[in-house]
Amino acid sequence: MRISSADVIVTAPGRNYVTLKITTEDGVTGLGDATLNGREMAVVSYLRDHVCPLLIGRDAGRINDIWQYLYRGAYWRRGPVTMTAIAAVDCALWDILGKETGKPVYQLLGGAARDGVMIYGHASGGNIDELLEDVQRYRDAGYRAIRVQAAVPGLDSTYGLHHPGSGRTYEPADAAMPTDNVWDTPAYLDFAPTMMAAVRERFGYDFHLLHDVHHRLSPLEAAQLGKSLEPYRMFWIEDPTPAEDQTAFRTIRQHTTTPIAVGEVFNTIWDCQHLITERLIDYIRTSVSHTGGITHLRKVFDLASLYGVRSGSHGAGDLSPVSFASALHLDMTVPNFGIQEYMGHLDPASEVFRTNYEFRDGYMHPGDAPGLGIEIDEEAAAKYPYSPKYLPVNRLRDGAMHDW
Ligand code: EZ4
Ligand code: CO
């Protein structure tokens, strides 16, 4: 089955998404998500100008060879743009293999290791009362795991909150130029344990409680946070420090038993090699669409399994339904699966992307349609044109740039 075309579809049903569609000579199509939030057109160019032309005429079944060809063959390695583009190709080829053989991708990966994929939802609030109402909503919907975020008192904005009262999914890429946020670490460190105490006091301990720190602390501050949250038995704290410094996690580890999850900005196994082999983290959160696809993420999870580190893949709304479906197929098969993030997608996305995954009783199932079980409606996609949208940037009170 030779590849006859590779096309990039850019659409913005609720937010910008980039999708790669590979077609074979027999007319079988496969989809891969190529969305890189706030840098979408860089991946579009990388694919259209430098990857798609290389795919034409290749055997679509040689997934491993094509992966190596695009990774080693580029000479320039790693990086979010490159690895998102490779991921899109990889997922699209798995989709094609599934459709050709009539099997869902999770079967091709060796079959299910579990009945369903535990997901966590995102509860948030402008204050603790609003947060508690939102947690109730997720409890009522049957979620077994909930991430909680609330506005830090005294700050005009806090990451991770969906628009109050609108019922909309959280969407941080909110403006044509990056919004300026202001951050105050002491205010946050004071507030975080109060928030967790309120949640556990109201709802008890029979569900998993998660929290995202979003790269904002120093190692010692993160250690303090972890310690202060120990009584609330967190499932994890996520991205406590900017994670390009892998050795920073040793400090956090030495001081707290609160589990640590990292990886949404990583794009290869090399970014987490020491975190995993030195057992500095508990969950690796790399995503299928930013880490070279199913083929590469499977290697990351296999390495992690040797060191007792579990998976916890990123699943924000800026990863398209194609990415989420790909993640679910892999999640079904990895022995060391931990949890899968699920933020959901804004309403118009369901007009463009037809999905097969199903939520039941706290678990998501990818469905048994051949391939990834996902289709794109290109006519609907054309109704939602791209416009530039950026994530916010973050400054300290003195105006200095900080990590967002
Ligand atoms: O800010 O996906 O855990 N989820 C997150 C996300 C990220 C966005 C960045 O594009 O931290 O909301
Ligand atoms: Co995060």
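Just to verify a result, which residue in segment 155-172, among those that are more than 16 Å from ligand 1 (Cβ to nearest atom) and out of contact with any Asp or Glu (no Cβ under 9 Å at 6 or more places or on another chain), is modelled with the highest pLDDT? Give the derivation first.
As a first pass, look at segment 155-172 and keep what is more than 16 Å from ligand 1 (Cβ to nearest atom): 155-156, 164-167.
Filter again for out of contact with any Asp or Glu (no Cβ under 9 Å at 6 or more places or on another chain), leaving 156, 166-167.
Details: Asp156: 90, Ser166: 57, Gly167: 60.
That would be Asp156.
Cβ-Cβ under 9 Å, sequence separation 6+ or interchain: first residue in segment 364-388 and farther than 16 Å from Gly30 by Cβ, partner in a loop (DSSP other than H, G, I, E, B) and basic (Lys, Arg). Which pairs?
Asp368/Lys103
Return yes or no: is Leu20 under 23 Å from the mean Cα position of the chain (by Cα), among the aliphatic types (A, V, I, L, M), within 15 Å of Asp377 (Cα to Cα) and more than 16 Å from ligand 1 (Cβ to nearest atom)?
Values: under 23 Å from the mean Cα position of the chain (by Cα): yes; among the aliphatic types (A, V, I, L, M): yes; within 15 Å of Asp377 (Cα to Cα): yes; more than 16 Å from ligand 1 (Cβ to nearest atom): yes.
Here the answer is yes, as Leu20 does meet what is asked.
Restricting the first residue to segment 196-213 and requiring it to be in a strand (DSSP E or B), which pairs with a second residue that is modelled with pLDDT under 95 and of a type in the set (Phe, Trp, Tyr) meet a Cβ separation below 9 Å and a spacing of at least six or different chains?
Asp212/Tyr159
Could you list all residues from segment 124-143 that are in contact with a strand residue (DSSP E or B) (Cβ under 8 Å, 6 or more places away or on another chain) and charged (D, E, K, R)?
Listed by number, the residues that qualify are Glu130, Glu133, Asp134, Arg137, Arg139.
Looking at segment 392-404, which of its residues are under 20 Å from Asp318 (Cβ atoms) and open to solvent by 50 Å² or more (accessible area, probe 1.4 Å)? So that I can check it myself, show each step before the final result.
Step one: list which residues in segment 392-404 are under 20 Å from Asp318 (Cβ atoms), which gives 392-394, 403-404.
Result: Asp403, single match.
For Asn37, are the conditions met, namely being at pLDDT 95 or above, under 15 Å from Ala92 (Cα atoms) and either assigned to a loop (DSSP other than H, G, I, E, B) or outside the structural domain of Ser289 (by TED's automatic domain parsing) (or both)?
Details: at pLDDT 95 or above: yes; under 15 Å from Ala92 (Cα atoms): no; either assigned to a loop (DSSP other than H, G, I, E, B) or outside the structural domain of Ser289 (by TED's automatic domain parsing) (or both): yes.
No, not satisfied.
Among the numbered conditions (1) within 16 Å of ligand 1 (Cβ to nearest atom); (2) in a helix (DSSP H, G or I); (3) surrounded by fewer than 22 Cβ atoms within 10 Å (Cβ to Cβ), tell me where Leu346 comes up short.
(2)
Is it true that some residue in segment 226-236 is over 24 Å from Ser124 (Cα atoms), more than 14 Å from ligand 1 (Cβ to nearest atom) and assigned to a loop (DSSP other than H, G, I, E, B)? Walk me through how you get there before you give the answer.
Taking segment 226-236 first, the residues over 24 Å from Ser124 (Cα atoms) are none.
Taking every residue of segment 226-236 in turn, none turns out to be over 24 Å from Ser124 (Cα atoms), more than 14 Å from ligand 1 (Cβ to nearest atom) and assigned to a loop (DSSP other than H, G, I, E, B).
Going by what's in this entry, would Ala141 be described as away from ligand 1 (no atom under 16 Å from the Cβ), among the aliphatic types (A, V, I, L, M) and modelled with pLDDT of 95 or more?
Values: away from ligand 1 (no atom under 16 Å from the Cβ): yes; among the aliphatic types (A, V, I, L, M): yes; modelled with pLDDT of 95 or more: yes.
Against the criterion (away from ligand 1 (no atom under 16 Å from the Cβ), among the aliphatic types (A, V, I, L, M) and modelled with pLDDT of 95 or more), Ala141 qualifies.
Please go through (1) surrounded by fewer than 23 Cβ atoms within 10 Å (Cβ to Cβ); (2) without any contact (Cβ under 8 Å) to a residue 60 or more places away in the chain; (3) small (Gly, Ala, Ser) for Gly110 and return the number of the only condition it doesn't satisfy.
(2)
Return the pairs, sorted by first residue and then second, in which the second residue is crowded, with 20+ Cβ neighbours inside 10 Å and not in a helix (DSSP H, G or I), the first residue lies in segment 300-312 and is on the phi < 0 side of the Ramachandran plot and touching a residue at least 40 places away in the same chain (Cβ under 8 Å), the beta carbons are less than 6 Å apart, and the residues are 6+ apart or on different chains.
What qualifies is Gly312/Ala261; Gly312/Tyr283; Gly312/Arg285; Gly312/Gly338; Gly312/Ile339.
What are the pairs, 6+ residues apart or on separate chains, where a residue within segment 150-163 that is closer than 14 Å to Leu396 by Cβ has its Cβ under 6 Å from a residue that is within 14 Å of ligand 2 (Cβ to nearest atom)?
Pairs found: Val152/Thr158.
Anything in segment 207-236 that is within 16 Å of ligand 2 (Cβ to nearest atom), open to solvent by 10 Å² or more (accessible area, probe 1.4 Å) and within 30 Å of Met83 (Cα to Cα)? List them, or say none.
Those that are within 16 Å of ligand 2 (Cβ to nearest atom), open to solvent by 10 Å² or more (accessible area, probe 1.4 Å) and within 30 Å of Met83 (Cα to Cα): His214, His215, Phe235.
Are there any helices (runs of 4 or more DSSP H) wholly within segment 237-322 with 2 or more residues that are buried (at least 21 other Cβ atoms within 10 Å of the Cβ) and within 16 Å of the chain's Cα centre (by Cα), and if so which?
By residue number, 293-306.
Only residues that are aliphatic (A, V, I, L, M) and surrounded by 19 or more Cβ atoms within 10 Å (Cβ to Cβ): list them for segment 366-390, please. Before the answer, list the steps.
Our first condition is that a residue be aliphatic (A, V, I, L, M); within segment 366-390, this holds for 369, 372, 374, 376, 380-382.
Ala369, Leu372, Ile374, Ile376, Ala381, listed by residue number.
Could you go through segment 130-138 and let me know if any residue there is within 16 Å of ligand 2 (Cβ to nearest atom) and either within 25 Å of the chain's Cα centre (by Cα) or in a helix (DSSP H, G or I) (or both).
no
The values are calculated or read from the model by the stated rules, or taken from the named source; none is laboratory data. Here the structure is a predicted model, which is why all the values come from computation and not from measurement. Cβ sites come from the backbone with ideal geometry, for glycine too, and all protein chains shown count toward neighbours. We work out accessible area using only protein heavy atoms, side chains counted, and drop any ligands, DNA or RNA first. Shrake-Rupley method; radii C 1.70, N 1.55, O 1.52, S 1.80 Å.
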